Amino acid sequence: MPRYALAQRIEPPRKTETNVSTAATQRSDELTLAGLRPGRDDTTKAERLFRKPFSTKYDGANKIWQDACRHQLLSIIPDSTGTILEVRVAQANPDSRANSNAGSPSAEGCVSSTESHSRWTTGHGLVIGDACSRVTALYGQPGSRGPSTKDGQQLELLYYAFDWAGPDVPQVMAVLCTPEKNAKRGRVVEITLAAPSL
């Protein structure tokens, strides 16, 4: 699998009746995810913020960190110079290696941790586990919205293109949510922010 295969899969869903125009509502762009700005920051800053990665993929270029307390993963995809092209925060799969250390000392420290809120937020404060309705409250209606799947789970993709905000901001944000079901609100399970070069 090529190094940038993950970045290339971020595509807007096909146009459906649920697509809405963002011109009719207030909209906001996004610059950062987990304190990192795609297209500007590099892997050195990520390692300074989060220390040594939990694991790496694709010859060590793509770095992955875990938050065992919140069952979340942070991954970055850099270019050949180390500039970050994509930042992704996702809810970890319950069967993944990231959650296999539930009894480890670092996981046991979660109960006593003074940090109650994830630091892996967007610049506007969106975090994994937020209600899907909060996404539109913060950013306006997405450019497109449609069904998606991940690891066999049915999800909803909200796709934002920030080309209207100019070339100096990340150009794509994709948010995956669980669908509303039995009067339960959908929840954010993944946030991806990508630089203009993708």
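The values are calculated or read from the model by the stated rules, or taken from the named source; none is laboratory data. All values reported here derive from a predicted model rather than from experimental measurement. Note that each Cβ is placed from the backbone with ideal geometry, even for glycine, and that neighbours are counted across all protein chains shown. Surface accessibility is based on the protein's heavy atoms, side chains included, excluding ligands, DNA and RNA. Shrake-Rupley method; radii C 1.70, N 1.55, O 1.52, S 1.80 Å.
Among what's in the range 27-48 and is charged (D, E, K, R) and part of a helix (DSSP H, G or I), pick the residue that is least open to solvent (accessible area, probe 1.4 Å). Show your work before the answer.
Initially, the range 27-48 is screened for residues charged (D, E, K, R), giving 27, 29-30, 37, 40-42, 45, 47-48.
When the remaining residues are screened for being part of a helix (DSSP H, G or I), the result is 45, 47-48.
Working: LYS45: 54, GLU47: 75, ARG48: 168 Å².
Only one residue tops the list, namely LYS45.
For the range 96-143, enumerate the residues that are farther than 21 Å from LEU31 by Cα, among the charged types (D, E, K, R) and either open to solvent by less than 30 Å² (accessible area, probe 1.4 Å) or at pLDDT 95 or above (or both).
none
Here is a check on your reading of the model: is LEU155 touching a Pro at 6+ places or on another chain (Cβ under 8 Å), crowded, with 16+ Cβ neighbours inside 10 Å and at pLDDT 95 or above? Break it down into steps so the answer makes sense when it comes.
Values: touching a Pro at 6+ places or on another chain (Cβ under 8 Å): yes; crowded, with 16+ Cβ neighbours inside 10 Å: yes; at pLDDT 95 or above: yes.
Yes.
Test ARG14 against the criterion of being among the basic types (Lys, Arg), open to solvent by 60 Å² or more (accessible area, probe 1.4 Å) and modelled with pLDDT of 90 or more, and give yes or no. Steps first, please.
Numbers: among the basic types (Lys, Arg): yes; open to solvent by 60 Å² or more (accessible area, probe 1.4 Å): yes; modelled with pLDDT of 90 or more: no.
Criteria not met by ARG14.
Anything in the range 170-179 that is modelled with pLDDT under 90 and either out of contact with any helix residue (DSSP H, G or I) (no Cβ under 9 Å at 6 or more places or on another chain) or among the charged types (D, E, K, R) (or both)? List them, or say none.
PRO170
Within the range 170-192, which residues are of a type in the set (A, V, I, L, M, F, W, C) and crowded, with 19+ Cβ neighbours inside 10 Å?
The answer is VAL172, MET173, ALA174, VAL175, LEU176, CYS177, VAL188, VAL189, ILE191.
State yes or no: is ALA165 on the phi > 0 side of the Ramachandran plot and either touching a residue at least 60 places away in the same chain (Cβ under 8 Å) or open to solvent by 10 Å² or more (accessible area, probe 1.4 Å) (or both)?
No, not satisfied.
Which numbered condition trips up GLY146, out of (1) more than 22 Å from LEU36 (Cα to Cα); (2) open to solvent by 30 Å² or more (accessible area, probe 1.4 Å); (3) not aromatic (Phe, Trp, Tyr); (4) not in a loop (DSSP other than H, G, I, E, B)?
Only one criterion is unmet by GLY146, namely (2).
When only residues in the range 69-93 that are polar (S, T, N, Q) and open to solvent by 20 Å² or more (accessible area, probe 1.4 Å) count, which is modelled with the lowest pLDDT?
Among those that are polar (S, T, N, Q) and open to solvent by 20 Å² or more (accessible area, probe 1.4 Å), it is ASN93.
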